[in-house]
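The values are calculated or read from the model by the stated rules, or taken from the named source; none is laboratory data. Predicted model, so just to flag it, every value in this text is computed and none were measured. Here the Cβ positions follow ideal geometry from the backbone for every residue, glycine too, while neighbour counts run over all protein chains shown. Accessible surface is based on the protein model in full, side chains and every heavy atom, while ligands, DNA and RNA are left aside. Shrake-Rupley method; radii C 1.70, N 1.55, O 1.52, S 1.80 Å.
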Amino acid sequence: MPRTGLEHLKRRTFFSVMDYWVLVPIVLVSIIGLFVLNKVLADGFDGYPMIFYKQVGAVMVGLVFTLVLCMVEVPTLRLIGWGLYIVSILLLFYAMVDKFSLEYKWGADSWIRIPVLGTFQPSELTKIGLAMTSAFVFEALQQKKIKPWKGFMILLALFGVPVLLIMRQPDFGTTMVVIFMFLCMLFVWGLKWRYVLLGSSGLVLAGIMAWLFYFSDYQKNRIITFLYPGSDPTASYNLLQAKQAIASGGLLGSTKDNPVHVPVKESDFIYTAVSEHMGLVGTTALIILIFFFLVRCLYIAARIRNSQPALSLMMVGLVAALAFHFIENMGMCVGLLPITGIPLPFVSQGGTAMIVNFIALGVISSISMERNLDRM
């Protein structure tokens, strides 16, 4: 069927071609997040319950964005991707000169203030824009529509500009997400193993250089604490409290009136709150939902790799960024990975971040619906 006919069919049969295997797990994860966040904020948090109502509103607005993006055509996705990328770059520049900073609190000047909406981290938008724009460059390289040197120069510019701006903040966690996303897309595109091994060696050297010239003292302390638990009781405090909160949850959640105090429990360490209030059953359900969502997305990307390589690579990029967040956040809370300021998508507090995550979900859902239409 011609593409125009497919898009008309996409709107006419919207709910029948919707991929509920992608949408429903994230909706359930968001419900778990709202339930746990309400428990955390209700425990003497300043601004409750208004902050919780904003989070609920963000989820609802995010779902609207998801449903709207589901109806978008592929050429429009390209335009949206470029729009998001350009806006995010401008906002990253603005974050450098806006005289608003939360560096004293979070260790990085990564946020800007938006009237009514509150604070916003432009790098969250950058990840979506990068995945959507670079996917079409990778496709052009694969189909030999552009010369290799030109294509890789474009990719270097696309990823290099935001990475330099994000590193200047400095936000090492988000930098790692962007690099991981690029490497996943590059590998799926067709990078040979010898280049993977060579790149891995380069990352080791980059890590050494970052330790010597880039990392601040608090970032070094986090890594040392991860490698040598208990070496610094002050630096280990967050992790020790996180483990205590997780252990207190038991099978179905703690019934104690006084929850374990964990710093930034509403955001970076919200996984500890899931365990504390929902126990082993809740954390297991959360992990299964996340795992199912990620596997489903990768399955779709694999199925459309030959027919629609740009959409497949776009899916890989978005899923890689979300997967990094999921794995790093839960891993750091249990001591398996170093502590970073990376929140848990669709769960952690943050209205604008929640909306951006749902925008990514909308793009993923749109790609999945494209596949369903092609099969009709």
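Among the protein heavy atoms of the chain, carbon and sulfur supply 69% of the accessible surface, probe 1.4 Å, non-protein parts ignored. Largest GNM mean-square fluctuation among L186, L156, L311, using the chain with Cα springs under 10 Å: L156. Counting Lys and Arg as +1 and Asp and Glu as -1 over every other residue whose Cβ lies under 13 Å from the Cβ of M314, the net charge comes to +2. First measure r as the distance between the Cβ atoms of I114 and I223, then evaluate 1/(1 + (r/R0)^6) with R0 = 30 Å and state the FRET efficiency to the nearest 0.05. The computed FRET efficiency comes out at 0.35.
Grab the DSSP H runs of the chain that are 4 residues or longer, score each as -39,500 (n - 2.57), total them, divide by all residues and round the 222 nm result to the nearest 500 deg cm²/dmol. Each step should come with its number before you reach the end.
Numbers: 15 runs with 273 residues, N = 376.
It comes out at -24500 deg cm²/dmol, rounded to the nearest 500.
What size of dipole, in debye to the nearest 20, comes out for the chain about its Cα centre when the only charges are +1 on Lys and Arg C-beta atoms and -1 on Asp and Glu C-beta atoms?
My answer is approximately 1300 debye.
Inter-part distance, segment 48-103 to segment 305-335, computed on C-alpha centroids, equals 18 Å. Length gained on full extension, V204 to Y20, computed as 0.36 nm times the residue gap minus the Cα-Cα distance: 62.2 nm. Go through P263, V363, L322 and say which Cα lies farthest out towards the positive end of the charge dipole of segment 258-376; charges sit on Cβ, +1 for Lys and Arg, -1 for Asp and Glu. Most positive-ward Cα: V363. Could you work out which residue, out of V177, V163, V281, moves most in a Gaussian network model of the chain, that is, has the largest mean-square fluctuation with Cα springs under 10 Å? Comparing V177, V163, V281 in a Gaussian network model of the chain, the most mobile one is V281.
Given the Cα-Cα distance of E73 and I327 and 0.36 nm per residue of separation, how much length would full extension add, in nm? Show your work: numbers first, answer last.
Working: separation 254, 0.36 × 254 = 91.44 nm, distance 3.14 nm.
Additional length available on full extension: 88.3 nm.
For K145 and D257, a Förster radius of 51 Å and the Cβ-Cβ distance give a FRET efficiency of 0.20, rounded to the nearest 0.05. Pairs of Cα atoms nearer than 8 Å and 6+ residues apart set the relative contact order; for the chain it is 29 percent. Calculated FRET efficiency, N372 to F152, Cβ-Cβ distance, R0 = 35 Å: about 0.55 to the nearest 0.05.
A 1.4 Å probe run over segment 303-351, with the rest of the protein chains in place, finds 29 Å² accessible per residue.
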